[in-house]
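Enquirer: Would you mind keeping the following structure in view while I ask a few things?
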Amino acid sequence: MPVMPRPSILSVEPYVGGESKVPGVNRIVKLSSNEGPFGPPPAAIAAIAEAGREAHRYPDGGATALREAIGRHHGLDPARIVTGNGSDELLALLILAYGGEGTELVMSAHGFLMYELTGRWAGCHIIKVPEKNLVADVDGLIAACGPRTRLVILANPNNPTGALLPQAEVNRLRAGLREDILLVLDSAYAEYVEDPGYDPGQALVDAGSNTVMTRTFSKVWGLGGIRLGWAYGPAAIIDVMNRVRGPFNVSAPAMAAGIAALSEPDWVAKSVAHNSAWRARLTEGLEALGLKVHPSHGNFLLVDFGSAEASKAADAHLRARGLIVRGVAVYGLPTCLRITVGTAEECGMVLDALAGAGSPVQRRAAHA
Ligand SMILES: *Cc1c(COP(=O)(O)O)cnc(C)c1O
């Protein structure tokens with residue numbers, strides 16, 4: 001008999017990240033992982049280099065300075081913040097601690113894939129609730145919860161759809177869930193949201209004992225490679241996360257990078273202004289080509305090419321020109337591609353490629 005993992009582990013498909021290479025193409029423009037167009041904040045680059053000089057020392061396992069910096073920046077109690085090796089780690093800790101064999105995890109049909117992968121690792125039964133026009137359906141989510149449901153996880157805005165669930169609906173979701181169901185609000189794209197009524201989760205966390213918000217330095221902060229995320233929650237849940245996390249789960253360079261990034265003047269404002277302007281221009285350009293673009297509140301667009309074949313052809317066409325975007329068939333959206341809002345030049349390259357000679361989009365428009 002070979003050694004075997006728990007049976008549910010073998011149902012986990014390894015996560016496939018955004019690609020970064022095309023054989024035979026020199027200049028690659030990577031628009032497949034929503035990484036932000038400006039690189040890391042300069043202050044973070046310097047802090048990472050500086051932290052290297054002390055790399056023989058273990059990091060502060062309590063991440064005190066980082067949690068205090070995050071608390072100051074967001075107006076939150078540092079004692080109720082836990083940091084992690086990306087928010088993916090924190091989501092996994094929550095799922096493993098509150099889910100597990102014999103429990104159910106409820107998510108929206110086109111919600112972030114890691115919830116399902118980690119949920120299966122934990123042994124949870126995954127329930128995916130159909131969406132309405134690619135937006136999470138609150139009544140459906142509430143109705144899907146049964147006696148064994150322990151977790152509901154919602155990305156707001158959601159990746160890969162870009163959809164924003166209005167705040168009243170998020171509140172209604174929490175109010176409609178049993179008290180013993182943990183609601184996890186994954187606010188990875190919070191900084192990009194311009195809706196004045198939006199709350200990334202702080203208010204709902206503070207209003208009860210069963211909601212947690214997760215955040216990341218990987219998107220607007222440009223630090224995906226450093227692996228840094230954080231969660232804000234009720235004291236009892238933060239206590240659980242501190243029990244189950246690795247004692248040194250965030251490296252010293254990651255902590256230094258996070259603290260420095262928060263001190264970078266105007267970083268978020270600059271990034272958000274660029275994103276709003278170019279998300280709009282990219283949307284217009286794509287719509288002018290006859291494509292359907294779903295309204296996005298993140299730094300990416302979900303673009304519908306009309307059929308799985310057309311989306312594959314567009315993907316191949318872009319790829320041959322070094323433009324790597326994200327196929328989202330694994331999200332149940334085979335007719336779509338997800339395109340990160342890059343620099344002005346990169347957005348122009350995408351539009352030029354799709355409008356240019358030999359583009360499958362052009363051909364489709366010509367036949368229409
Ligand atoms: C990118 C992303 C994350 C993961 O971010 P890390 O902090 O890099 O682990 C989590 N949730 C959503 C919805 C994301 O798009």
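Enquirer: Between A320, A308, which is touching a Pro at 6+ places or on another chain (Cβ under 6 Å) and either free of Cβ contacts under 8 Å to residues at least 60 places away in the same chain or open to solvent by 30 Å² or more (accessible area, probe 1.4 Å) (or both)?
Expert: A308
Enquirer: Counting residues that are at negative phi, free of Cβ contacts under 8 Å to residues at least 24 places away in the same chain and surrounded by fewer than 18 Cβ atoms within 10 Å (Cβ to Cβ), which helices (runs of 4 or more DSSP H) fully inside segment 1-107 reach at least 1?
Expert: 42-52, 64-74
Enquirer: If you check T335 against the conditions, is it open to solvent by 10 Å² or more (accessible area, probe 1.4 Å), closer than 20 Å to E19 by Cα and of a type in the set (S, T, N, Q)? Spell out the reasoning first.
Expert: Working: open to solvent by 10 Å² or more (accessible area, probe 1.4 Å): yes; closer than 20 Å to E19 by Cα: yes; of a type in the set (S, T, N, Q): yes.
So T335 fits the description; yes.
Enquirer: Could you please find all residues in segment 77-103 being within 9 Å of the ligand (Cβ to nearest atom), farther than 16 Å from T211 by Cβ and out of contact with any helix residue (DSSP H, G or I) (no Cβ under 6 Å at 6 or more places or on another chain)?
Expert: So in segment 77-103, the residues within 9 Å of the ligand (Cβ to nearest atom) come out as 84-91.
Checking which are farther than 16 Å from T211 by Cβ leaves us with 84-86, 88-89.
The answer is N85, G86, E89.
The values are calculated or read from the model by the stated rules, or taken from the named source; none is laboratory data. This one's a predicted model, so the numbers in the text were calculated from it and none came from an experiment. Counting neighbours? That spans all protein chains shown, and the Cβs are built from the backbone with ideal geometry, glycine included. Keep in mind that these areas ignore ligands, DNA and RNA; they rest on the heavy atoms of the full protein, side chains included. Shrake-Rupley method; radii C 1.70, N 1.55, O 1.52, S 1.80 Å.
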